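Q: Would you mind keeping the following structure in view while I ask a few things?
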Amino acid sequence: MSVIGREELAAMIPHKGTMCLLDQVVRWDQCSIECTSLSHRRTENPLRHDGRIAAVHAIEYGAQAMAVHGALLASEQGRCLRPGYIAALRNIEIACSTIDDIDRPLQVKAWQLMADGGNLVYQFEVKAGRELVASGRVTVVEMEENE
Amino acid sequence: MQVYLNGVGVYTPGMEDWEQAAAVLAGNRPYVCGEEKKIQLQLLQPNERRRTTKLIRLALEVAQQAAGTESAADYATVFAASDGDHEVVDKMCMALTLPEHPVSPTNFHNSVHNAPAGYWAIAAAATAGSTSLCACDESFAAGLLEASALVEVEKRPLLLVAYDYPPPMPLATLRTMDAIFGVAFLLAPEPSQDSIASLQVAFGGQGRYSQCSEPGLEVLRQSNPAARSLPLLELLARRQPGEVLLPGVQQRRVRVEVSLCR
């Protein structure tokens, strides 16, 4: 399986421009996905507030990995993924206060725990090298067509 | 999402446990709305019991019925109520109109939405995860959805408790609720000898939601958010496999398919 680059990845999810936070999909299978990103180092990252990026935004990195995984699975089945929104977070662990000062690329992993159509529960983990940045569980609920 | 139903608790004046409710819902006994009685909780110590409100006692009563006596401490919980404890809101609002705003510490303590879950944790010595949610008139369906997803993901038994108590005046002029109703389900990820039915729970879709066939029960269903569970309870009481559509969040339905285990 070849690495999926930023352009192809960005086309799969509703997030546009610099709000598409992931750079690459390095590996994925039916149950999980692994992405990398250096967007936490970039000055144009829209999640910067007073110049810093709070570590809570690592959850958004996890959720975007989840969205890309959902899109990959859907396109494999010839379907299109309807947009969803984060409905719940659980067991969130955040190991540091900011992420813009992490030199290394972020490794963003997400595992599917449950899928009921576009209603999904995933476990995610964001790491820099061996260091945990954040982990937790995300529930995404898909929008209805008329929403 | 597939879960197994291992226990049911029901409380409403006239149907004070699952056995009584099942007889009425199966059509073996007429539904007669009874007098409200004070729920006698045995499972709390007197000093904690003294601090409970009617809503808390209702929630704990059905929780205890569904959980039984064994392993209650091991169950994760989901508590669902439409607008929380009106009695507490009323007393606190009244206190705030008085000089010095003498809000009672007990009322303040009980004013959080997860107060019933807290009393249950003390009563059952439960230390597993607990979620308290509200979704107005759709609170039962939202609770069932949350509970099913948790059982499926965490692979552990869970107690779902849905309960609502009518507000006192003058809040009653703003929020119509004419009946007292509580329901609790003990859910498990795998079938066992205790399993009554398997429930296939899905979110989404449209369609006409299920109603009760008997007019008195249909009035009850509409009179309390937790009583929106009645069409599902009817299937269980009649030991009839089938499907119900519950009014769910944002106009979407929650579909529950019932298959019997025994």
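Q: Do the conditions hold for B:Leu199, that is, is it modelled with pLDDT of 95 or more, within 20 Å of the chain's Cα centre (by Cα) and within 14 Å of chain A (Cβ to nearest Cβ)?
A: Here the answer is yes, as B:Leu199 does meet what is asked.
Q: Which condition does B:Leu58 not pass, out of (1) within 23 Å of B:Ser139 (Cα to Cα); (2) in contact with a helix residue (DSSP H, G or I) (Cβ under 8 Å, 6 or more places away or on another chain); (3) not small (Gly, Ala, Ser), if it passes all the others?
A: Failed condition: (2).
Q: As an exercise: evaluate A:Trp28 against (1) buried (at least 18 other Cβ atoms within 10 Å of the Cβ); (2) of a type outside the set (D, E, K, R); (3) under 18 Å from A:Gly129 (Cβ atoms) and give the number of the one condition it does not meet.
A: (3)
Q: Which of (1) within 14 Å of chain A (Cβ to nearest Cβ); (2) within 24 Å of B:Arg57 (Cβ to Cβ) is the odd one out, the single condition B:Ala184 does not satisfy?
A: It is condition (1) that B:Ala184 fails.
Q: Out of curiosity, is A:Ile86 modelled with pLDDT under 90 and within 30 Å of B:Gly204 (Cα to Cα)?
A: Taking the combined requirement at face value, the residue does not satisfy it.
Q: Suppose we keep only residues that are polar (S, T, N, Q) and either in a strand (DSSP E or B) or surrounded by fewer than 20 Cβ atoms within 10 Å (Cβ to Cβ) (or both) within region B:128-142. Which one would you say is nearest to the other protein chains (Cβ to nearest Cβ)?
A: This residue is B:Thr131.
Q: Looking at A:Val140, A:Val126, which one is within 14 Å of chain B (Cβ to nearest Cβ) and touching a Leu at 6+ places or on another chain (Cβ under 6 Å)?
A: Within the list A:Val140, A:Val126, the selection yields A:Val140.
Q: Something else now. For region A:1-106, which fully contained strands (runs of 3 or more DSSP E) count at least 3 residues that are out of contact with any helix residue (DSSP H, G or I) (no Cβ under 9 Å at 6 or more places or on another chain) and closer than 29 Å to B:Gly129 by Cα?
A: The strands (runs of 3 or more DSSP E) meeting that bar are A:84-94.
Q: Let me ask something additional. From the list B:Glu190, B:Glu214, pick out the single residue that is closer than 23 Å to B:Cys261 by Cα, away from chain A (no Cβ under 13 Å) and acidic (Asp, Glu).
A: From the options B:Glu190, B:Glu214, the qualifying one is B:Glu190.
Q: Tell me whether region B:225-235 contains one or more residues that are more than 14 Å from chain A (Cβ to nearest Cβ) and surrounded by fewer than 20 Cβ atoms within 10 Å (Cβ to Cβ).
A: No, every residue in region B:225-235 fails to be more than 14 Å from chain A (Cβ to nearest Cβ) and surrounded by fewer than 20 Cβ atoms within 10 Å (Cβ to Cβ).
Q: I've got another one for you. Go through region B:21-55 and give me each residue that's closer than 25 Å to B:Pro157 by Cβ and at pLDDT 95 or above.
A: B:Ala21, B:Ala22, B:Leu25, B:Leu55
Q: Can you say whether A:Gln107 is within 14 Å of chain B (Cβ to nearest Cβ) and surrounded by 14 or more Cβ atoms within 10 Å (Cβ to Cβ), as far as the supplied structure shows?
A: It is false that A:Gln107 is within 14 Å of chain B (Cβ to nearest Cβ) and surrounded by 14 or more Cβ atoms within 10 Å (Cβ to Cβ).
Q: Only one of B:Ala147, B:Ala162 is more than 14 Å from every other protein chain (Cβ to nearest Cβ), small (Gly, Ala, Ser) and crowded, with 18+ Cβ neighbours inside 10 Å. Can you tell me which?
A: B:Ala162
Q: If a residue has to be of a type in the set (Lys, Arg) and in contact with a helix residue (DSSP H, G or I) (Cβ under 8 Å, 6 or more places away or on another chain) to count, how many in region B:202-252 make the cut?
A: Here the count works out to 3.
The values are calculated or read from the model by the stated rules, or taken from the named source; none is laboratory data. Here the structure is a predicted model, which means the values were calculated and not measured. Heads up, the Cβs are rebuilt from the backbone with ideal geometry, glycines too, and the neighbour counts pull from every protein chain shown.
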